[in-house]
Amino acid sequence: MAVYLTDTVGLAAGLMGVAMLLGRIVDAVTDPLMGYISDRTRSRWGKRRPYLLFGSFPLFFFMILMFQVPSFDTQRALFLYVTVVFCLLSVAYTVVNIPYGALTPELTRDFHERTSLNGYRMSFAVVGTLIGAGAAWPIITAFPDETRGYAAMGTIFGAVMLVTALITFFSVKEPAREPEASGVPQGRNILLEYKAAFLNKPFLLILFPWALFITGVTIISSMLRYLFEYVLLDPAGVTLALLVLLVSALGMIPVWVALSRKIGKKQSYRAGMGILSLYALFLAFFADKVPLPVLYLMTLLGGAGLSTQYVIPYALIPDVVEWDYVKTGQRREGIYYGLWTFISKLGQGLSGLIIGTILATSGYVPNLTQGAEAILGIRLLTGPVPVLFFIAGIIILGFYPITEKVYNGMISGEAKGSGVSEAAVR
């Protein structure tokens, strides 16, 4: 998107950054709001599926508009068009994606089956990422000029979004819920729903680690290109490194799903982020001192750790939703998934601020040979800085109380109400 807007459309880089920021702000507001709306929706199709049907068509439409920017005489007019369409595209994606994510805890209440379910879901997410990243440029370059190529790419990708959302709408059925949870909550507004979520201690004990982990992961993924270009002096190598990282993460998803049955979701997540921490420190201090085969072998290890970030968090959210239901009798899946997405975007925004600040203070200058201080800044951002976020998240996650035993006790009715929460937290 950034390269398209600056190099093909001709939008000034500064204005492009502002447009992207405004889209993020819209996301931050609409994600939790969409969760709240879907929680209170009642229809013959259920709570979530209607938005997959009615949101997918605007998503397709705005994908087309986003990559078919008309010519404007002024930067101001171009900026306004890009900003408005990008914000509308973001809202359309939110309308589909938040209810889609909130379907997960409603499809099964089995403690381990949820991990398996999310393992399949995120495996296809990684495959989709690889296909999308690999297909974009061939589609663009298949046309005589980039303008038409980007338009074709936007149309094709938008059509894929439309079709896959409709497949989910027509093939997935929302199960009937408990009678006491089936009515629309009375006398509650959106602020009270948010308050209830933030009073859920187990939710906070996975939300804060998630925010810390996503910040660290985003810093590492953003810094890989800097590391390969300015430290390893191999700009092209970053593509292979990312491929190895993602393929390793994909291959390890079923392994972590199986391992979580043995040692638990929490311990699997902590182990994975610990492995990723070792990989980050290796990149920062040893990547330019070892042969390339060793570098890519360590990248395989890093992908194994990164794999937990794809599957375990999304297997934990349904458990805290059940915890809330046992305590309050209300189901708030949409609120939880909306807040989850909102926090992840905050973490991504924070990572950009950290990267920009450290690079600027270290004297980094684009497209030039970097001095010793700039190289140090790149190394710090590749390893020690994200590792600090990982360690903090690992420590906080250690207090998360919902084990398989506690969860099964909630579901079977052996422990109900606030007593479950208080006893487990103690």
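We did not get these values from a lab; they are worked out from the coordinates using the rules stated. These figures come from a predicted structure and were not determined experimentally. Heads up, the Cβs are rebuilt from the backbone with ideal geometry, glycines too, and the neighbour counts pull from every protein chain shown.
For segment 1-172, the relative contact order works out to 32 percent when only alpha carbon pairs closer than 8 Å and six or more residues apart are counted.
Working note: Cα atoms of segment 1-172, range along each principal axis, descending, whole Å: 56, 32, 25.
Dipole orientation for the chain: of the candidates Ala125, Met273, Val321, Val321 has the Cα lying most toward the positive pole (charges on Cβ; Lys, Arg +1; Asp, Glu -1). Of the labelled figures [x] 24.8; [y] 34.9; [z] 21.7, only one reflects mean projected area of the Cα convex hull in nm² as derived from the coordinates, namely [z].
Remark: spin-label model distance Ser221-Leu243 equals 1.9 nm, labels positioned 7 Å along the Cα→Cβ axis. Extension gain for Leu166-Arg261 works out to 30.9 nm (0.36 nm per residue, less the C-alpha to C-alpha distance). Neighbour counts of other Cβ atoms within 10 Å put Lys47, Lys195 in the fewest-to-most order Lys195, Lys47. Between Asp7 and Glu146, residue separation times 0.36 nm minus the direct Cα-Cα distance comes to 49.1 nm. In terms of other Cβ atoms within 10 Å, Val29, Val231, Val311 run from fewest to most in the order Val29, Val231, Val311.
Just need the Rg to Rh number for segment 189-426, please, alpha carbons only, Kirkwood Rh. With Rg and the Kirkwood Rh in hand, the quotient comes to 1.04.
When you restrict to C-alpha pairs under 8 Å that are six or more residues apart and normalise by the size of the chain, the relative contact order lands at 24 percent. Take the cross-link list Lys173/Lys345; Lys173/Lys262; Lys173/Lys266; Lys201/Lys266 and give me the ones stretching past 26 Å between alpha-carbons. Result: Lys173/Lys345; Lys173/Lys262; Lys173/Lys266 exceed 26 Å. Computed on segment 189-426, with alpha-carbon pairs under 8 angstrom and 6+ residues apart, the relative contact order is 36 percent. Taken as Cα centroids, segment 241-305 and segment 66-130 sit 26 Å apart, rounded to the nearest whole angstrom.
Run the Debye formula on the Cα coordinates of segment 84-149, all scatterers equal and no solvent, and tell me log10 I(q)/I(0) at q = 0.14, 0.16, 0.23, 0.27 1/Å. Listed by q, the Debye log ratios stand at -0.68, -0.80, -1.03, -1.07.
As a proxy for reagent exposure, ranking Lys201, Lys266 by other Cβ atoms within 10 Å from fewest up yields Lys201, Lys266. You can think of it this way: the chain between Lys405 and Leu130 has 95.3 nm of extra reach, that is 0.36 nm per residue less the Cα-Cα gap.
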